[in-house]
Amino acid sequence: MSDPVLLGIETSCDETSAAILAGERHVRSHVILSQDEHTVWGGVVPELAARAHLEAIDGVVARALEEAGTSLSEVDAIAVTAGPGLVGALLVGVSWAKGAALAAECELVPVHHLEGHLFAPVVEDPEARPPFVALLVSGGHTLLLNVPEWGRYELMGRTRDDAAGEAFDKVARLLDLPYPGGPQVERLALEGDPERHRFPRPMLRPRRDPGEPGFLDVSFSGLKTAVATRVDELRQAGTLEEERAHVAAGFQAAAIDVLVSRAEQALEVTGAPKLLVTGGVSANRALREEARRRLGPEVPLLHASIRLSVDNAAMIARAGLFHLRAGRLAPPDLTADPNLPLPGLVEWSGAGPAKVPS
Amino acid sequence: MMAASDQEASVVLALEAGSEFGSVAVEVDGELAAVLVANERRRQAADLVPMIRTVLARAGVRVQDLSEIVVGKGPGSFTGVRIGIATARGLSMGSGCPVRPLSSILAAGTGTGTHLPNAVLQAMPAGGPTPDKVEAPAPDRPRLVLLDARGNRLWMGCVATRAGRVEVLLEPRAALVEDLAALDLPEEVVACGGGALRHADVLRRLGLDVAPWPEGLPSAPGLLALRRGLPKGPLQPPGSRWSPDYLRPSQPEREALRPEAS
């Protein structure tokens with residue numbers, strides 16, 4: 001099976017996605033259906049997400065197969081997100097994939113959602129392979145990893161509280177911006193002055209020695225509180241409306257400063273030659289531009305296109321290919337695990353298996 | 001819509017995952033060939049496909065031999081119902097075999113509890129009072145199936161099975177315990193299911209008998225009995241779009257619909 005064809009399926013949150021991947025980079029089709037059921041609720045509602053996935057999954061897969069000009073009988077393996085994520089949403093994808101793999105007599109490969117994000121850039125760029133430092137930033141996770149090779153993920157830092165994307169969403173709500181908040185904050189920040197409201201950069205300096213677990217951890221709760229306090233002050237002063245863009249710009253600058261500073265520190269102590277930025281928040285153009293500016297021309301910045309930065313099935317198929325080639329297939333009793341540990345995750349210090357990222 | 005004659009529908013796989021115990025059954029040429037019921041609660045996601053493999057092997061058939069997949073479309077556990085339907089749809093797209101979604105609660109009223117194993121028999125819903133009779137009620141007594149939807153909420157449906165033919169006396173619906181008093185059903189009706197056991201005292205006050213567990217548990221053999229006994233529902237081709245019978249909005253929708261005063 002030198003150049004297998006994989007069907008990737010992703011249903012961990014509020015995107016129903018299917019992709020046909022031939023070999024390492026030939027994305028023959030890629031369908032992403034973003035659920036709009038959640039906008040009115042101001043955030044993802046798990047039960048509604050699960051219901052919407054069930055409504056959509058057949059059509060999404062059928063379209064992916066049709067656009068690729070293939071059928072399930074020609075698929076060598078199905079790679080499906082098994083966790084982490086919303087359990088009801090994950091179960092739709094996992095159950096569908098188990099049934100389809102049984103009927104089509106093909107292999108089934110469970111994929112960790114975050115590992116999918118690590119593989120997203122290499123779908124488009126053959127240079128986006130280890131060794132690198134990975135800054136994985138999404139709505140649910142913020143991780144800093146040293147990746148010497150595929151399948152070995154050395155944890156250097158994580159968020160102590162809110163994920164980066166969560167902080168963007170919470171600030172969006174403070175500023176009365178609709179869901180999803182991250183892109184709205186980014187858009188509004190374009191109109192603001194990031195220096196007008198200068199917010200704290202929590203934990204910018206490492207408080208521990210390199211080698212100690214969590215020495216590059218980050219925190220966003222203090223930053224969020226500072227923004228909330230400033231918004232209250234501006235509202236009481238009656239100037240919030242005219243200051244909203246400046247607040248958004250100030251928050252975004254502080255959050256990006258924390259993330260990029262941590263990535264720089266990780267590159268420095270590991271000597272890794274490249275930085276890979278991935279996850280939904282990596283679609284933020286200001287983050288990419290700031291990282292590129294501060295890394296300079298010597299350190300390549302790797303990232304996926306915007307389409308492959310959001311939750312998608314092509315990255316799941318690509319990570320699934322890695323595990324398929326290694327013979328790591330789904331057990332018969334595969335189920336979804338909302339807290340699935342990242343396979344191959346160890347503390348960077350070599351202190352042993354890391355705890356599950358929160 | 002695909003048409004299916006009885007001659008074509010010679011190998012039928014049935015899946016029920018919306019109840020506490022998932023179950024799988026295969027019928028070959030109208031005869032029940034193999035049945036498997038999970039012996040642990042709420043293991044549908046992990047165990048349903050291995051159970052399908054086992055049941056197909058016991059029946060001596062392959063997925064490719066299937067002419068129809070019957071699946072319980074609810075009501076029941078939202079997550080469990082989705083696991084069953086998603087598995088059936090994956091099987092359908094992988095094999096080309098059509099799916100026939102049938103009501104889980106009407107299937108539970110067909111009196112097929114005798115196929116269920118000891119683990120299920122011993123797992124009578126906790127807190128429920130002792131049933132009125134140890135023996136199952138006569139097969140031709142109409143069943144008012146009441147499934148527990150937590151709190152004072154129920155799903156209900158009523159069927160009568162006579163000589164293999166199933167008549168629907170009450171279409172599946174969501175209800176409150178308080179609604180039971182207003183039901184207009186034949187006198188010989190017997191209540192069954194986890195919701196009936198939980199609210200047996202109310203039912204007795206209303207003059208209704210309560211059948212012993214596991215009468216009224218939605219199951220794959222029940223789906224096959226319903227398929228045989230009712231004018232068949234629509235057969236869904238692979239990839240077609242149809243919805244489960246949730247019969248209840250999601251929690252945030254319910255909260256949003258709740259009057260402000262309450």
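Read-outs: derived from the displayed coordinates by stated rules, not from any lab. Only a predicted model underlies this, so the values are computations on that prediction, with no experimental measurement involved. Cβ atoms come from the backbone with ideal geometry, glycine included; neighbour counts cover every protein chain shown.
Numbers at a glance
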{"quantity": "Looking only at the stretch A:48-71, and only at residues there that are surrounded by fewer than 22 Cβ atoms within 10 Å (Cβ to Cβ) and either in contact (Cβ under 8 Å) with a residue 60 or more places away in the chain or on the phi > 0 side of the Ramachandran plot (or both), the one that is nearest to the other protein chains (Cβ to nearest Cβ)", "calculated": "A:THR70"}
{"quantity": "Strands (runs of 3 or more DSSP E) within the stretch A:87-168 that include 1 or more residues more than 17 Å from the chain's Cα centre (by Cα) and within 14 Å of chain B (Cβ to nearest Cβ)", "calculated": "A:107-112"}
{"quantity": "Test: residue in the stretch A:201-210 that is touching a Lys or Arg at 6+ places or on another chain (Cβ under 9 Å), over 25 Å from A:PRO148 (Cα atoms) and part of a helix (DSSP H, G or I)", "calculated": "no"}
{"quantity": "Criterion (over 17 Å from the mean Cα position of the chain (by Cα) and on the phi > 0 side of the Ramachandran plot) met by exactly one of A:GLY238, A:GLY222, A:GLY192", "calculated": "A:GLY238"}
{"quantity": "In the stretch B:76-96, the residues that are facing chain A (nearest Cβ under 8 Å) and not small (Gly, Ala, Ser)", "calculated": "B:PHE78, B:THR79, B:ARG82, B:ILE83, B:ILE85, B:THR87, B:ARG89, B:LEU91, B:MET93"}
{"quantity": "Residue that is nearest to B:PRO142 (Cα to Cα), among those in the stretch B:209-262 that are more than 14 Å from every other protein chain (Cβ to nearest Cβ) and without any contact (Cβ under 8 Å) to a residue 40 or more places away in the chain", "calculated": "B:PRO231"}
{"quantity": "Helices (runs of 4 or more DSSP H) fully within the stretch A:219-330 counting 2 or more residues that are farther than 28 Å from A:ASP3 by Cβ", "calculated": "A:221-237, A:240-270, A:285-295"}
{"quantity": "Any pair with Cβ under 9 angstrom, 6 or more apart, that starts in the stretch B:39-54 at a residue that is more than 10 Å from chain A (Cβ to nearest Cβ) and at negative phi and ends at one that is part of a helix (DSSP H, G or I) and surrounded by fewer than 24 Cβ atoms within 10 Å (Cβ to Cβ)", "calculated": "B:ASN39/B:ASN118; B:ASN39/B:ALA119; B:ASN39/B:VAL120; B:GLU40/B:ASP47; B:GLU40/B:ALA119"}
{"quantity": "Positions within the stretch A:1-23 being closer than 20 Å to A:SER73 by Cα and part of a loop (DSSP other than H, G, I, E, B), in sequence order", "calculated": "A:MET1, A:SER2, A:ASP3, A:PRO4, A:GLY23"}
{"quantity": "Check on A:PRO194, touching a residue at least 12 places away in the same chain (Cβ under 8 Å), in a loop (DSSP other than H, G, I, E, B) and loosely packed, with under 14 Cβ neighbours inside 10 Å", "calculated": "no"}
{"quantity": "Subset of the stretch A:34-47 that is part of a helix (DSSP H, G or I) and of a type outside the set (A, V, I, L, M, F, W, C) - its residue that is nearest to the other protein chains (Cβ to nearest Cβ)", "calculated": "A:GLU47"}
